[in-house]
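Note sheet for the following structure.
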Amino acid sequence: MSTDHSSPSPRRTFLKTAGVLAVAAATSGTATGCDVKEPRVDSIDDQGLERVRGFDRTTLDAVATAVLPESLGSAGIRGATDRFVAWADGFDPVAEEMHGYGYSDVRYLPADPAPAWRAQLQALDLLAQKTGRTTFAQLPLEGRRDLLRSVLRGERSERLPAPLGAKHVALALLSHWSSGPDAWNLALGAQVNPMTCRTLGDAVKRPLPLAGGAA
């Protein structure tokens, strides 16, 4: 039996329209910092599958303050977490990789790791409630670190995994930050800003010191 593909099916049209209306309703009104803390349905693809974006920012921010360097300060930790969320939200699951040197076969990125990371944040909250009778975010800093140590006890390695290869959201967040320019600048004590565009004139100049006069 032939099928007419010239126009979308009523079911597909309904799903797409419902998804747009849901997003519009969620984002209407004045935007505040609390509007983007919870995971949300951001789009519906041609197969009618929902793509959920975002994280429980209360718990994720509490993880960030426990695993990222305290020397970043609250603004730096918040910025690193924002960039991690933006990267995870923009990830294209099972997209075709760019062809590298040395191989000719087509390779694909892994599946979306974000659903597992969201489940792990929920698990941290549940574990904190069972052991400390409070949420993960309400635990003191050392309490959060102790709980993360117990959860990550089996993750033994000499180096951090790549963000997409991290088995836990805490490792993914730390790995994402450590592979970025800010971590390199902090390690070298200067604004080397790797993986960013610079003019040829700037390439021969001595890197500037970090903000605050760090050499």
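The values are calculated or read from the model by the stated rules, or taken from the named source; none is laboratory data. What you are looking at is a predicted structure, and each value in this text was computed from that prediction instead of being measured. Using ideal geometry, Cβ is built from the backbone for each residue, glycine included, and neighbour counts are taken over all protein chains shown. Heavy atoms of the whole protein, side chains included, go into the accessibility calculation; ligands, DNA and RNA do not. Shrake-Rupley method; radii C 1.70, N 1.55, O 1.52, S 1.80 Å.
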>> When you scan segment 55-66, do you find a residue that is modelled with pLDDT of 90 or more and touching a Pro at 6+ places or on another chain (Cβ under 8 Å), even just one?
In response: yes
>> Residues to consider are A166, A183; find the one that is crowded, with 18+ Cβ neighbours inside 10 Å, more than 15 Å from A66 (Cβ to Cβ) and modelled with pLDDT under 90.
In response: A183
> For segment 84-102, which residues satisfy the criterion of being open to solvent by 70 Å² or more (accessible area, probe 1.4 Å) and either of a type in the set (A, V, I, L, M, F, W, C) or modelled with pLDDT of 75 or more (or both)?
Replying inline: W87, D92, V94, E96, M98
> Pick from R159, R145, R133: which is open to solvent by 70 Å² or more (accessible area, probe 1.4 Å) and under 22 Å from the mean Cα position of the chain (by Cα)?
Replying inline: R159
> Among the helices (runs of 4 or more DSSP H) contained in segment 102-186, which hold 2 or more residues that are closer than 14 Å to A88 by Cα?
Replying inline: 114-132, 169-178
>> Test of understanding: among A123, A114, which residue is open to solvent by less than 40 Å² (accessible area, probe 1.4 Å) and of a type in the set (G, A, S)?
In response: A114
> What residue, among those in segment 68-83 that are surrounded by 16 or more Cβ atoms within 10 Å (Cβ to Cβ) and aliphatic (A, V, I, L, M), is modelled with the lowest pLDDT?
Replying inline: L72
